[in-house]
Amino acid sequence: MKLFNRIVAVIFLLLALAHLFQRGSWLWVILFLYGALLCFFASLKKPMVLPYLVGLAAYAAYAIYLFFDKEGVYAWIRSTDADAIPNPAGTLAYRTREFCGVMFLVAVLLINMLWLRKQQKTLV
């Protein structure tokens, strides 16, 4: 788990760096840096339950927003415009990529929460 968290922390740092110089992407820099910080502390085996819960709540709320937004994932799935689906530069595809990024953050935090819970049970 230590190696997993360090690799994921580096990935999140690189993703934050990639978004750093794009206009209007400060939200993504913050989201990825927060995920990197949590993964780094998890690699040190420092239990941080409250920051994980805050991160999961924020990421899940943003994922729900991206899914049900008028230009979100649900609109992309239900799109009857044949050109909207294969267009990777379109707004619908962009929102879907954002949704997948947030879900990646959620998945990593959930894996760490489950691992942390398992570790705490073995210590008792």
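The values are calculated or read from the model by the stated rules, or taken from the named source; none is laboratory data. Since we're looking at a predicted model, the values are computed, not measured. For neighbour counting, all protein chains shown are included, and Cβ atoms are generated from backbone atoms with ideal geometry for every residue, glycine included.
Summary of computed values
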quantity	calculated
Test for TYR62: is it at pLDDT 85 or above and hydroxyl-bearing (Ser, Thr, Tyr)	yes
Test: residue in the stretch 41-57 that is on the phi > 0 side of the Ramachandran plot and either at pLDDT below 85 or in contact with a helix residue (DSSP H, G or I) (Cβ under 6 Å, 6 or more places away or on another chain) (or both)	yes
Count of the stretch 41-65 residues which are over 15 Å from the mean Cα position of the chain (by Cα) and either surrounded by 18 or more Cβ atoms within 10 Å (Cβ to Cβ) or assigned to a helix (DSSP H, G or I) (or both)	5
Residue list for the stretch 76-124, restricted to those being part of a helix (DSSP H, G or I), at pLDDT below 75 and in contact with a helix residue (DSSP H, G or I) (Cβ under 8 Å, 6 or more places away or on another chain)	TRP76, LEU92, ALA93, ARG95
Residue list for the stretch 3-41, restricted to those being within 22 Å of PHE99 (Cβ to Cβ) and of a type in the set (D, E, K, R)	ARG23
Criterion: out of contact with any strand residue (DSSP E or B) (no Cβ under 8 Å at 6 or more places or on another chain) and closer than 18 Å to ILE7 by Cβ - qualifying residue of ALA63, ALA58, ALA36	ALA36
Complete set of residues in the stretch 44-57 that are touching a residue at least 24 places away in the same chain (Cβ under 8 Å) and touching a Leu at 6+ places or on another chain (Cβ under 8 Å)	PRO47, VAL49, TYR52, GLY55, LEU56
Unmet requirement for PHE32, which otherwise passes all of (1) in contact (Cβ under 8 Å) with a residue 60 or more places away in the chain; (2) in a helix (DSSP H, G or I); (3) exposed (fewer than 15 other Cβ atoms within 10 Å of the Cβ)	(3)
